[in-house]
Structure formats: C-alpha cells, structure tokens
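Working notes for the structure below.
The values are calculated or read from the model by the stated rules, or taken from the named source; none is laboratory data. These figures come from a predicted structure and were not determined experimentally. As a convention, Cβ positions derive from the backbone with ideal geometry for all residues, glycine included, and neighbour counts pool all protein chains shown. Quick note on the areas: whole protein, heavy atoms, side chains included, nothing else; ligands and nucleic acids left out. Shrake-Rupley method; radii C 1.70, N 1.55, O 1.52, S 1.80 Å.
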Amino acid sequence: KDDTTYKIGFSQCVSGDAWRRAMHQEMYRELSFYPELTLEIKDAKGDNATQIRQIREFLDEGIDLLIVSPNESEPITPIVEEAFQNGIPVIVIDRKTSSNLYTAYIGGDNYEVGQTAGQYIRNLLKGQGRVLEIWGLQGSSPAIERHNGLTKGFQGSGIEIVTSIKGEWEKDTAKNRLKQHFESDEFPEFDLIFGHNDVMAIGAQEICKNLGIEEKKFIGVDALPGPYGGIQAVTDGILDATFLYPTGGDVAIEIAHKILADEQVVKENILQTAVVDSTNIRIMKQQTDKIIDQQNNITRQKERIDVQMEIYRNQRTFLFGFGLT
Ligand code: FRU
C-alpha cells in the first residue's frame, strides 16, 4: 500500500469575500475525494509583502505543490518563479503573475469577460452613452484585462468611459470613493456603471439609490449564487446584468492531484463565462439553487461518513485491545 501524502500550500491574495470563500469550499469538497492530499491556505489579506512572506514560509516548511492567486502581478512574480525553478509545481488561479514560469493556470478569460460586457453595454445603450467604470485593484490582472476588453468592446461605437473610480475589488472602498466623487461639485453625467465585480456594482447601486441618482444601469462580474451574490442581485433588479466568473477551486484540486500523480496536464485551463440578465435569470437561479442544495447534501453525507469511520476506528481499537483482530 502506498501511504504517500502530499501537502498543497495555497497562497490566497485575500479571503474575506464570498467569491473567495466559494473557491475554498469547492477546494475542500474536491479534496474529500483525495485523502492523500492535504491543503493549507495562507491569506495575504490583500497585501503584497504578506503574500511574498507567506509563500516563502511555504517553501521553507516544505510543500509538494503551490497554488497561488497573486494579489498584484508584478510584485508576486519573482517568488512564484523561484518556487517553480526550485522544482515545485505551481498552479496559478484567477489572478496571474507576469511570467510564464508555472505548471498550470486556471481561470476565466478576463479579457473576454470585459469585451462581452462592452458589447452587451453597447447593445443596451443602443450604441451611444456614458459609462462610469469601477476598477478592481489596478495591479491585478483581472482588472487590467477586464478594462482592456471593455474598451475593445466599445470600439467604433458612441460609448465613452467618462469616469474611472478605484474600487480595489472591495464594496466599501468602491462605495466611499464613489460617494466622494458624487459629492464633488460637478461630476460628469453618466448612463451606466460597470463594476469590475458584482460587490462593487451592488455598492454603487446602493450609493446612487441613497443619493437619489436615478435611472442608471448597473453591471457587474462574478454571478455568484447565494443571498448576497450577483444572481440574487439580478433577480432583485439591483443589477441589470452580470457575467459568470467561476472560481475554479474544484478544478485546481483536480489538476493538483493529476500533477502529483505524475499525469500530464493542460497548461492553460480557461473556464467558461456567460451573461446573466433578465432573459435567463430564472433558469440560472433555479440551477444554482439546486447546485447549492446538492453541495450541502454532499457535505452532510461526508460528515456522516466521517462519524461512521470514527466509530469503526474506535471499535477496532477496542477489539484490538482484547486481541480479537
Ligand atoms: C474576489 C474578487 C472577485 C473578482 C476576482 C478577481 O476576491 O474580487 O470579485 O472577480 O477577485 O481577481
């Protein structure tokens, strides 16, 4: 019997939000299929220096595989390259480094997300309009790619970005900066707010509502299921549309398992995106509710199996004590 166990270290850029929590849940659910794998997550809390230090700790402690979602690309690249060059397989997830020294990447195509959003906005505003853009953290790859895709989607139309707000992916930061912006004497008129993620777009809608700024459209990215996610926000008419951006947590563990089992893996694993708006929200909501239900069942079943295993182990120890096995 092969008793080899493997330790996976996951350096997560930040973890306070529901999207990252969903990523972790997917990882742990997938891990339950592979008892030989253990996972430790270190949360850098949105700080580059902390993330570098934590990856260094992983390397010093000894890990068999590194998963990393870099807070910002440039500063995190050298330490990830170092890990890779020292022979540790590296899976980059969601946010990218600025290097191609890694084993596999998993994530949605953020340029495509931005471009699809741009085309969608173009249709919605009938080719003419003013957009207020709320950016994710400016040194993080999804923010840059979503912005570049968006401007590509607007190309050749009468749509123009009149204001850019630095939301840093966070609802409160986006809300505060937007509030300041609206409090300044003369802010440019706009028709639509595009948030690089749903929480910032939802925050923007709250601010506009509070300030009596009416008849604006709101679009975000993520389409997370659950009570505070984008699916619910579209259901409630808070967002006009959102774009699905899967976390890839389960895929990361599946690929980690393959790498550690010496199987071949594809280097670029691009996850599908899709628009969610009033035309498909009912079916999306039904399906995601059903998935949440099934996932909860899996978790319950796993807990019951764990209890049974514990009973079995205790019985064996007991019988063993009497020399009966
Ligand atoms: C969560 C998040 C998501 C966004 C992604 C980009 O931390 O901000 O909302 O899609 O990170 O990296």
For this session: Choose one answer from M309, M284, M27: the residue with the largest mean-square fluctuation in a GNM of the chain with alpha-carbon springs under 10 Å.
Result: M309
For this session: Give the shape of segment 214-294 as rounded, prolate or oblate, defined through the alpha-carbon gyration tensor: a ≥ b ≥ c are the square roots of its eigenvalues, a/c under 1.5 means rounded, and otherwise the shape is prolate if a/b is larger than b/c and oblate if not.
Result: prolate
Problem set entry | Distance between modelled label sites at N280 and D185, nm, 7 Å Cα→Cβ extension | 4.7
Seminar exercise, completed: Counting Lys and Arg as +1 and Asp and Glu as -1 over every other residue whose Cβ sits under 13 Å from the Cβ of G153, the net charge comes to -1
Exercise. Which order do F182, F322 take by accessible area at a 1.4 Å probe, largest first?
Worked result: F322, F182
Seminar exercise, completed: Whole-Å distance linking the alpha carbon centroid of segment 151-207 with that of segment 23-99 is 31
Exercise. Over all distinct alpha-carbon pairs, what is the Kirkwood Rh of the chain in angstrom?
Worked result: 21.4
Problem set entry | Förster-model FRET efficiency, 45 Å R0, D262 and D236, C-beta, rounded to 0.05 | 0.40
Seminar exercise, completed: Placing each pseudo-label 7 Å from Cα in the direction of the beta carbon, S164 and T317 end up separated by a distance in nanometres of 6.1
For this session: Any chance you could list P(r) for segment 28-118, counting all Cα-Cα pairs in 5 angstrom bins from zero, rounded to whole %?
Result: 3, 13, 22, 24, 18, 12, 6, 3, 1, 0
Exercise. Given H placed on each backbone N at 1.01 Å, which residues far from I134 in sequence or on other chains put an amide H within less than 5 Å of it?
Worked result: I165, F194, G195, H196
Exercise. Which of rounded, prolate, oblate describes segment 156-202, given a ≥ b ≥ c as roots of the alpha-carbon gyration tensor eigenvalues and a/c under 1.5 marking rounded, otherwise prolate only if a/b is larger than b/c?
Worked result: oblate
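Keeping the other protein chains in place, figure out the carbon and sulfur percent of the accessible area of the chain, with a 1.4 Å probe.
49
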For this session: Subtract the Cα-Cα distance of K7 and E61 from 0.36 nm times their separation in residues, and report this length gain in nm to one decimal.
Result: 18.4 nm
For this session: With r as the distance between the Cβ atoms of L324 and S98 and R0 = 45 Å, compute the FRET efficiency 1/(1 + (r/R0)^6) and round to 0.05.
Result: 0.15
Exercise. Within the chain, what's the longest stretch lacking GluC sites (Glu not before Pro) that sit in DSSP loops with no more than 11 other Cβ atoms inside 10 Å?
Worked result: 1-185
Problem set entry | Sequence-separation-based contact order of the chain, relative, with Cα cut under 8 Å and 6+ spacing, percent | 15
Exercise. Over the alpha carbons of segment 26-66, what is the largest minus smallest coordinate on each principal axis, giving the biggest first in Å?
Worked result: 34, 21, 9
